[in-house]
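Trainee: Below are the structure tokens for one structure; questions will follow.
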Amino acid sequence: MEKTCCPSYTIRLKASDFVPSKEQQRVRRRLERFLDGELDAKPSEQTEEQDVSFSREVSVSVRKSLGAAKREQNNDVEPIMKDLSEQIDNAVQKCIQSGDLPCNIQIPKASVKKVISAKRKKLAEGSEELLYTSNIAFPIVAAIKHTQTSEKGKKNVEESRLSPEVVSEKLLSAMDKVGKFIDFSVKVCKGHINFLSATRVTSSDRNDEESLGTTTAKSSSNNLRGRKRKLEMHLKRSSFDPEEYELYKRYQLKVHNDKPESISETSYKKFLVDTPLIEVPPSRYDDQEKVPPCGFGSYHQQYRVDDRLIAVGVIDILPKCLSSKYLFWDPDFASLSIGKYSALQEIDWVKQNQAHCSTLEYYYLGYYIHSCNKMKYKAAYRPSELLCPLRYQWVPFEVAKPLLDKKPYSVLSNYTKVSRSSSSPQASETLGESTSEHEDMELGVTNDDDDDDDDDEMYNSDEDSDSSRNRSGITNILISFDGPRLRYKDIPRIKNRMVLKELESRLVNYQKVVGAELSERMVYELR
């Protein structure tokens, strides 16, 4: 860790404490709009890490390019608005030809805008649902008044009486071609030309929809924007699937620019199919509250849209956590930020299955590398924790970040020095010992310069040592001292009480992780 350019830290999140950011909420809404037929997923050469670039840490150049791509996508979202604008422009020309509007004015192109739910009641009357509106009548009246002002003494009485309400009525009467849009009725209100859904919406429907924070135009105008899509998620045991392998190859070639010769079934299986975890079906447990319905082991989570495989999440489900190992997705759907969406789904899965498995609490995102910008997105799922690589203690990310900002590798559990000055309420499980003392313990070194009296005072007898070991319940843990292997109960007496306490504390934590049975079969190595 001290030598590598990219020190990696295990990162986890307590699912019940997760608070989604605004960007993460936008990811959900974006995919919902895609499923409702309001958005199209267009191929993109951006990687999933680049798609994360809506965060503050992204470079200005990438932000600009993404902004341009987003504007282009938004222009394609509502093709019906372009058609409606053209119809209004045609109506304006008809009014000019018929003399209803003066021909000596410069009239801007019509613009049709989508109406957000908060403004619908103000712009429309009745129970029909307002979808789009145009205020073209206002710039037309302003252009007429400007022309009258510039042409002194040449006022036309008829033109001076034109108001936005009158102009919008004239345009409405000229818009005979708009009738081909059978899903719309066209009305004017206070100078605005409004396009309403043909389907009438009750007040209760509108209130229900607004309470969910959704756009009420979704269902009524869905036929105009595209058909609805169906998203399905299938959780299956880890196994080789030719369809998944083909998607994996496309992902590696297009997103990571891998060479074709570097991808093979053998390497794929070793990476994402083979697993050391033993499958544990739920039937193995008498108490169903201790295991989720799927059991424990390694899984592939498939994401399908209209039965087309668009992503696969490779995950491990364990008694205390869901660990996200890898995700590969269809490059044609890069604009949907599937990586972010899958993480949100996996966090939700942990929350939902806590009812079946009370110990299931955490979501693991693999390794966090502070010195790698492409990996920093993992810290966006808050509040997260990083594991100290020396003492194996969890440290809040907000506490660890200042240490990592100073240098790539840091003993995170030394944050006691930081927390004393900042009084962080999240700091916990601190150690009073210094790093050097801990390293001495790991090497099995005791302080031979201590006086015998001090040794006796710190640790009076072998009898106290035996009782301490028996109380800890770790007597049969197998320990390796850089070669020799001994049970904890058989190791020579350790004189330094602080070192002894630290060792016992670590062994207790180790036993909690692997279980009492495995702790007696596995070797705990001290170097």
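The values are calculated or read from the model by the stated rules, or taken from the named source; none is laboratory data. This one's a predicted model, so the numbers in the text were calculated from it and none came from an experiment. Every residue, glycine as well, gets a Cβ built from its backbone with ideal geometry; the counts of neighbours run over all protein chains shown. The accessibility values were calculated without ligands, DNA or RNA, using every heavy atom of the protein model including side chains. Shrake-Rupley method; radii C 1.70, N 1.55, O 1.52, S 1.80 Å.
Trainee: Determine, for each peptide in 484-495, 92-103, 393-404, the mean count of other beta carbons within 10 angstrom over its residues, then list the peptides with the highest first. Provide the component values of the computation, followed by the final result.
Mentor: Details: 484-495: 13.5, 92-103: 15.7, 393-404: 19.7.
Ranking, from highest mean packing down: 393-404, 92-103, 484-495.
Trainee: Still on this model: Can you pull the percent of segment 229-344's accessible area that's carbon plus sulfur, 1.4 Å probe, other chains left in place?
Mentor: Carbon with sulfur: 51 percent of the solvent-accessible area.
Trainee: Okay, moving on. How high is the FRET efficiency from LYS376 to VAL508, r the C-beta distance, R0 25 Å, rounded to 0.05? Spell out each step's value before the answer.
Mentor: Details: r = 34 Å, r/R0 = 1.35.
It comes to 0.15.
Trainee: I would also like to ask the following. Under 19 Å from the 7 Å Cα→Cβ point of GLU23, by amide nitrogen: which residues of segment 306-342?
Mentor: The answer is 327, 334-342, whose backbone nitrogens lie closer than 19 Å to the label point.
Trainee: Also, quick follow-up: Using per-residue counts of other Cβ atoms within 10 Å, averaged over each peptide, order 473-480, 81-88 from highest down. Each step should come with its number before you reach the end.
Mentor: Details: 473-480: 16.9, 81-88: 18.8.
So the peptides 473-480, 81-88, ranked by packing, come out 81-88, 473-480.
Trainee: Here is a follow-up. Return a whole-number percent for the relative contact order of segment 237-354, with Cα pairs under 8 Å and 6 or more residues apart as the contact set.
Mentor: Working: 140 pairs, mean separation 28.0, N = 118.
After rounding, I find 24 percent.
Trainee: In nm, to one decimal, how far is the modelled label at LYS269 from the one at LYS290, with both set 7 Å along Cα→Cβ?
Mentor: Rounded to a tenth, the inter-label distance reads 3.5 nm.
Trainee: If you don't mind, another one. May I ask which of LYS82/LYS187; LYS230/LYS269; LYS270/LYS325; LYS259/LYS407 have a Cα-Cα span longer than 22 Å here?
Mentor: Working: LYS82/LYS187 18 Å; LYS230/LYS269 30 Å; LYS270/LYS325 13 Å; LYS259/LYS407 34 Å.
Pairs exceeding the cut-off: LYS230/LYS269; LYS259/LYS407.
Trainee: Still on this structure: Can you give the extra length, in nm with one decimal, that the chain gains between LYS401 and GLU525 once fully stretched, where that is 0.36 nm per residue apart less the Cα-Cα distance?
Mentor: Details: separation 124, 0.36 × 124 = 44.64 nm, distance 2.97 nm.
Between LYS401 and GLU525, full extension yields an extra 41.7 nm.
Trainee: What FRET efficiency comes out for the pair SER262/ASP89, r = Cβ-Cβ distance, R0 = 45 Å, nearest 0.05? Kindly include the intermediate steps, with their values, before the conclusion.
Mentor: On the way: r = 55 Å, r/R0 = 1.22.
Once rounded, the FRET efficiency stands at 0.25.
Trainee: If you don't mind, there's one more thing I want to ask. Please list, ordered by chain and number, the residues whose modelled amide H lies under 5 Å from the amide H of ALA110; skip anything fewer than 5 residues away on the same chain.
Mentor: ASP89
Trainee: Under the rule of at least 5 residues apart or a separate chain, name every residue whose amide H is placed under 5 Å from the amide H of VAL115.
Mentor: Amide H to amide H, under 5 Å and 5 or more residues apart or across chains, VAL115 pairs with TYR132, THR133.
Trainee: Follow-up. Multiplying the sequence separation of LEU253 and ARG308 by 0.36 nm and subtracting their Cα-Cα distance, what value in nm do you get?
Mentor: Details: separation 55, 0.36 × 55 = 19.80 nm, distance 1.94 nm.
Answer, rounded to one decimal: 17.9 nm.
Trainee: Roughly how many Å is it from the Cα centre of segment 269-340 to that of segment 375-396, as a whole number?
Mentor: If you average the Cα positions of each part, the centres end up 22 Å apart.
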